[in-house]
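> Quick one: the structure is below, and I'll ask about it shortly.
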Amino acid sequence: MVKTKRLGFKVIQGGSTECERCLEVGIDQLLETVYKIDDLPEMLRSAIVSDKNWQKRNEYSIEKTLLSPGLASQWVAALLSLGACVVFESGVEAPLSDFLQRKVNEGKLISLSIPCDQPEQVSGNSAVRFIPTDEPIVASYAVLNVKDGVVQRARIALTGASREQAKLVDAAEQMVGKAFNDALIEEVVAAVTQEVSPKDDYRGSVDYRREMAGLMTRRALELCKKGAK
């Protein structure tokens, strides 16, 4: 692995075991700078726009959003679904999901590693809002690797459906090794509905958020299915 500088970004060939190319971005970079990177996966680009306006994108650094995911939960959820990793100054690279859950701490962060151009990768996301410009009440981001109709890898991240601002769901793991069809989608949706543990507020009750978590996941996976054809 090529070490990155704290500032700037670069595309690395063979950046990790899971991707042929990785985008390495310095932790100090602002979201607006990241938004303008040509190699940025489109789902991430749309998540950044969904999260924050131009002014906020010029205020929030990557580091700030990872330390306080609530500032840009859609961006963080999209990163989780793509399998992003954090890189420490010591050279250790760890899954972003582990970092957010406080499972790993190797000192000072220097960069964020974002997989791109993964073989047979498909993605989809869906969100429910009061109005189109409002922050999503519940959103689902799904990224799958599908080869010959069979799921090789699957990640689904949700916002608004747990006490964490953005979280991967375990239900995605049951897709691996199975044919990617409508029956599998329904199986995962049912598992997601059972797994999530939302909290209610003025924007939605627990029951509503639970139902929307399943519905948004279904829509995200249906988009993945279209892309896999």
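> With respect to A171, is the statement that it is out of contact with any strand residue (DSSP E or B) (no Cβ under 6 Å at 6 or more places or on another chain), under 20 Å from M43 (Cβ atoms) and modelled with pLDDT of 95 or more true?
On the way: out of contact with any strand residue (DSSP E or B) (no Cβ under 6 Å at 6 or more places or on another chain): yes; under 20 Å from M43 (Cβ atoms): yes; modelled with pLDDT of 95 or more: yes.
Considered against the rule, which asks whether it is out of contact with any strand residue (DSSP E or B) (no Cβ under 6 Å at 6 or more places or on another chain), under 20 Å from M43 (Cβ atoms) and modelled with pLDDT of 95 or more, A171 comes out as yes.
> Would you confirm whether or not the stretch 183-197 contains a residue that is outside the structural domain of L80 (by TED's automatic domain parsing), at pLDDT 95 or above, surrounded by fewer than 22 Cβ atoms within 10 Å (Cβ to Cβ) and touching a strand residue (DSSP E or B) at 6+ places or on another chain (Cβ under 8 Å)?
yes
> Cβ-Cβ under 7 Å, sequence separation 6+ or interchain: first residue in the stretch 25-37 and in contact (Cβ under 8 Å) with a residue 60 or more places away in the chain, partner among the basic types (K, R). Which pairs?
From residues that are in contact (Cβ under 8 Å) with a residue 60 or more places away in the chain, the pairs are G26/K5; G26/R6; I27/R6.
> Residue pairs, Cβ under 6 Å, 6 or more apart or interchain, first in the stretch 101-120 and touching a residue at least 12 places away in the same chain (Cβ under 8 Å) and assigned to a strand (DSSP E or B), second of a type in the set (S, T, N, Q) and surrounded by 11 or more Cβ atoms within 10 Å (Cβ to Cβ). List them.
These pairs meet every condition: S111/T4.
> A further question follows. Quick one: would you say R210 is basic (K, R) and closer than 16 Å to A77 by Cα?
no
> Now for a different question. Of the residues that make up the stretch 123-143, is at least one within 22 Å of R21 (Cα to Cα), in a strand (DSSP E or B) and without any contact (Cβ under 8 Å) to a residue 60 or more places away in the chain?
no
> Additional query: Sort through R163, R155 and tell me the only one that's modelled with pLDDT under 95, in the same structural domain as A213 (by TED's automatic domain parsing) and of a type in the set (K, R).
Only one candidate passes the filter, namely R163.
> Please go through the stretch 60-80 and pick out each residue that is surrounded by 13 or more Cβ atoms within 10 Å (Cβ to Cβ), in contact (Cβ under 8 Å) with a residue 12 or more places away in the chain and not hydrophobic (A, V, I, L, M, F, W, C).
Y60, S61, E63, T65, P69, S73, Q74
Each row is one residue, and each column tells you yes or no for (1) modelled with pLDDT of 95 or more; (2) β-branched (V, I, T); (3) assigned by TED's automatic domain parsing to the domain that holds M175.
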site: A84; (1), (2), (3): yes, no, no
site: S90; (1), (2), (3): no, no, no
site: L96; (1), (2), (3): yes, no, no
site: K103; (1), (2), (3): no, no, no
site: E106; (1), (2), (3): no, no, no
site: L109; (1), (2), (3): no, no, no
site: V128; (1), (2), (3): yes, yes, yes
site: P132; (1), (2), (3): no, no, yes
site: A139; (1), (2), (3): yes, no, yes
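> Given the conditions (1) free of Cβ contacts under 8 Å to residues at least 12 places away in the same chain; (2) buried (at least 20 other Cβ atoms within 10 Å of the Cβ), and given that L158 satisfies all but one, which numbered condition is not satisfied?
It fails just one condition, (1).
> Can you name the residue in the stretch 104-120 that is of a type in the set (D, E, K, R) and touching an Asp or Glu at 6+ places or on another chain (Cβ under 7 Å) and, of all such residues, is nearest to D38 (Cα to Cα)?
Here the answer is D117.
The values are calculated or read from the model by the stated rules, or taken from the named source; none is laboratory data. As the structure is a computational prediction, the values presented were derived from the model and not from experiment. Here the Cβ is made from the backbone with ideal geometry for all residues, glycine too, and neighbour counts use every protein chain on show.
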